[in-house]
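For reference, the structure is listed below as structure tokens.
Every number here is computed from the coordinates shown, using simple stated rules; none is lab data. Treat the numbers as computed from the prediction; the structure is a model and nothing was measured. Don't worry about glycine lacking a Cβ; one is built from the backbone with ideal geometry, like all the others, and counts go over all protein chains shown.
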Amino acid sequence: MALSFFSPPALPIHRITCQALSVAVPSVAVAVAPLPVNPNSSLSCALNCTHFQSCSGCTQEYNLHHPVVIDEAIGFFNKLGIKDFSFDSCRLWGWRCRAKLAIRGSSTNPLIGLYEEGTHNVVDIPDCKSHHPNINAAVQLLKKGIIELNVEPYDEDQGTGDLRYVQMAVTTHDTSLPIPKRYKNGKVQVSLVWNSRSENSANTGKLNALANFLWGNGGPKRKVHLIHSVWANFQTLSNNIIFGNRWRHLLGERDFWEHIGGIDVSLAPSSFGQANTRAFDSLLRKLQKYVPQGASVVDLYAGAGVIGLSLAVSRKCRSVKCVEVNKESRQSFEKTVERLPTNVESNISWHHADASIEPTSWLLGSDVVVVDPPRKGLDPSLVKELRHISAVELRTSKRWSEGKFYEVNWLLYML
């Protein structure tokens, strides 16, 4: 996750000259200073996963507390004059609370896992060490249902079969349990990606049967309540896009809640969510310290607005604009806003838009710009605007209505 934000060092302002600067501030994706690698700790911090050699999911088997990429990151930031870079590994095992897994093989021997690197051959990963243990348990239950109900996994070459993918998402926010027990007892939201156009297609009888199997064997009437809910997504396109546009709630709770960055967050299965819930929470709480009280914030690539809404509450922001291209995220945003504390007076809004198109319009009126782009990184048009914008009138304030203009530099924080 690459998260950055830009902020002018003084408030209030009327007009600014923007210039991206590298400043010596600590990275917020992290918490404690990196330690020298102790050879004796290599085995104690080993992945010990039977799937490592064939699975493409993990790239480091030993010294998990000190990934190779950390040394590269430290060197990169040193060149920019940032010496105070730090790293916190958080959980080394069982940290992944959200996983999208391909389903292939046969109804008698289903394979549920990730593609082997460079291929579309699925590697079965029933004992993944990165997954939250309850994801692995839900995968085993799903396999059992596929076999018992004779559900045919998808065949990419022929375009046939029923079940293409599954998304497993764990919610660890159960207020009925003491806080120390919530992570261990997280419940799994299961989203089945079905090879049909809608719930009215001929093969959806097995979809409903499979959903009932999961709920009957993992729902609230069982000794271990494993399944939070079951959803269906319908996808027939023969490309690499996992989800189609049509979603249906089948069984269990409709709303999926998590507590992140000091607020209750709603996440629909169609919304993007961070896989490492605890690390994301840690990052947000550190990010909050860098945002001035009462600032006007724009959150680009906002998804369901988790970052922006967290700042609205923790920093008493004057305004927060969340900009996201995926229209499915709006509903989650609105539900989260409904649960914000009643004393929040921020002017909060969500905008269905592409942040790369006319980005200046989103920067206007903002003291802080948060960018958390997808893996491809920032769009070039936005990078250009953040680097070269100058003499832009950001905010008109009665306090600064005398016609005075102030030039300040933007600070770039790499989180």
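Structural remarks
- A quarter of the convex hull surface defined by the alpha-carbon atoms of segment 281-333 gives 3.5 nm² as the mean projection.
- Taken along its principal axes, the alpha carbon cloud of segment 98-259 reaches lengths of 49, 36, 29 Å, longest axis first.
- Fewest-first sequence of L47, L364 by Cβ atoms within 10 Å of each Cβ: L364, L47
- For H66, the amide hydrogen comes within under 5 Å of no other amide hydrogen, counting only partners 5 or more places away or on other chains and with H modelled in the peptide plane.
- Amide H contacts of D88 (H built 1.01 Å from N, in plane; Pro and chain starts excluded): A31, V32 sit under 5 Å, all sequence-distant by 5 or more or on other chains.
- Among H51, H352, H249, the ranking by other beta carbons within 10 Å of each residue's beta carbon, starting with the fewest, stands as H352, H249, H51.
- Neighbour-count ranking [beta-carbon atoms within 10 angstrom, fewest first] of S229, S56: S56, S229
- Distance from segment 111-129 to segment 131-210 (C-alpha centre basis), Å: 16
- Karplus-based coupling profile of segment 230-235, in residue order and whole Hz: 10, 10, 10, 10, 10, 9, with θ = phi - 60° in 6.51 cos²θ - 1.76 cosθ + 1.60 and x standing for Gly or Pro.
- Mean sequence separation of contacting Cα pairs (under 8 Å, at least six apart), scaled by the length of segment 98-259, corresponds to a relative contact order of 19 percent.
- If you take all other residues with their beta carbon under 14 Å from the beta carbon of N343, and give Lys and Arg +1 and Asp and Glu -1, the sum is +2.
- In segment 39-79, Cα pairs under 8 Å separated by at least six residues give a relative contact order of 39 percent.
- Summed side-chain charge close to A202 - residues other than A202 whose Cβ falls under 15 Å, Lys, Arg +1, Asp, Glu -1: -1
- Peptides 270-277, 253-260 ranked from most to least packed, by the mean per-residue count of other Cβ atoms within 10 Å: 270-277, 253-260.
- Summing +1 for each Lys or Arg and -1 for each Asp or Glu among the other residues whose beta-carbon sits under 15 angstrom from that of K187 gives +4.
- The HN-Hα couplings worked out from phi for segment 198-213 by the Karplus form 6.51 cos²θ - 1.76 cosθ + 1.60 (θ = phi - 60°) are 6, 6, 9, 6, 5, 8, 7, x, 5, 4, 5, 5, 5, 4, 5, 5 Hz, whole numbers, x standing for Gly and Pro.
- Across segment 116-126, rounded Karplus estimates of 3J(HN,Hα) from the backbone phi angles (6.51 cos²θ - 1.76 cosθ + 1.60, θ = phi - 60°) give 4, 3, x, 9, 10, 8, 7, 9, 5, 10, x Hz, Gly and Pro being marked x.
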